[in-house]
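To keep things clear, I will list the structure first and then write my remarks on it.
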Amino acid sequence: MQKLLLTLLFTQLLLSDYTISYQFYSGSEVRLIETMQYKNSKNIKLSYHYDNDNNIEETGLYRILGKNYIVSDGDDKLTYKEMIVNDTYSKNNNFNKQPFFKLIKKLDKEYIAGFNGEIWLVESTEDGKTEQEKIVICSNGELVSAVKDYFNIMRDFGEGASGQEFDDEFESMFMVKQGYVLIAADGIELVKFEKNSISSKVFTLPKGVTKYIDKD
């Protein structure tokens with residue numbers, strides 16, 4: 001009975017509200033922060049903003065009561081369109097992905113965004129070019145689960161909040177190996193993982209948004 005209660009408690013903790021943010025940057029000027037606010041599997045919001053703006057944007061990807069929407073900003077007005085997700089790919093996403101990084105050796109430890117990370121020297125090949133770099137990875141179970149959720153919704157939409165295209169290589173870069181996720185690399189860093197109650201108002205379409213009408 002005690003084991004069952006502990007299992008139920010752990011499951012409840014994993015399913016509680018949380019917010020996770022990663023920062024993507026190029027040089028020292030452009031820093032894009034992508035945020036996922038998660039209440040449960042049917043109420044999720046992916047948005048983005050730049051580091052000089054601390055507000056969570058209204059544009060992005062929404063899952064509201066199980067329905068999927070993209071909210072865009074154009075011609076000084078917000079529009080939305082509902083996405084019909086083909087979940088065949090999502091339900092069969094457990095195929096063996098080729099790992100993006102090959103471990104060369106383990107180095108030191110580094111503390112990032114509240115997590116104790118491990119610094120690894122790794123090798124990767126992209127566009128025919130092989131390079132070595134240092135990355136920081138983490139095995140915290142809740143963080144690993146959150147990053148999996150992030151990629152599950154990206155896979156469903158086929159893109160991220162700022163429009164970046166989803167692909168398996170991008171996912172395998174973050175899901176470094178079973179039970180480990182990336183928390184820092186060149187141009188990428190985890191900046192927040194918080195477990196706080198999120199208002200249900202977050203998971204509603206923005207006020208004044210209108211349905212997108214294709215003119216073609």
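Within the same chain, lysines fewer than 8 places from Lys106 are excluded, and of the rest, those with a Cα less than 21 Å from its Cα are Lys134, Lys177. Length gained on full extension, Leu107 to Lys67: 10.0 nm, using 0.36 nm per residue less the C-alpha separation. Starting from one equal scatterer on each C-alpha and no solvent at all, send me the Debye-based log10 I(q)/I(0) for segment 118-206 at q = 0.21, 0.24 Å⁻¹, two decimals. Here the Debye-derived log intensity ratios amount to -1.21, -1.41. For Lys45, a cut-off of 17 angstrom between C-alpha atoms picks up these lysines, skipping any fewer than 8 places away in its own chain: Lys67, Lys81, Lys148, Lys192, Lys195, Lys201, Lys207. Can you compute the label reach from Lys195? Point 7 Å from Cα along the Cβ direction, backbone N cut-off under 16 Å, restricted to segment 136-156. Of the residues in segment 136-156, 139-149 have backbone N under 16 Å from the label point off Lys195. Shape analysis of segment 62-185 based on the Cα gyration tensor places the equivalent ellipsoid semi-axes at 31, 16, 15 Å, largest first. Note on Asp51 and Val144: the extension gain reaches 31.1 nm, defined as 0.36 nm multiplied by sequence separation minus the Cα-Cα distance.
None of the figures in this text is laboratory data; all of them are computed from the coordinates on show. This is a predicted model, so every value here is computed, not measured. Cβ sites come from the backbone with ideal geometry, for glycine too, and all protein chains shown count toward neighbours.
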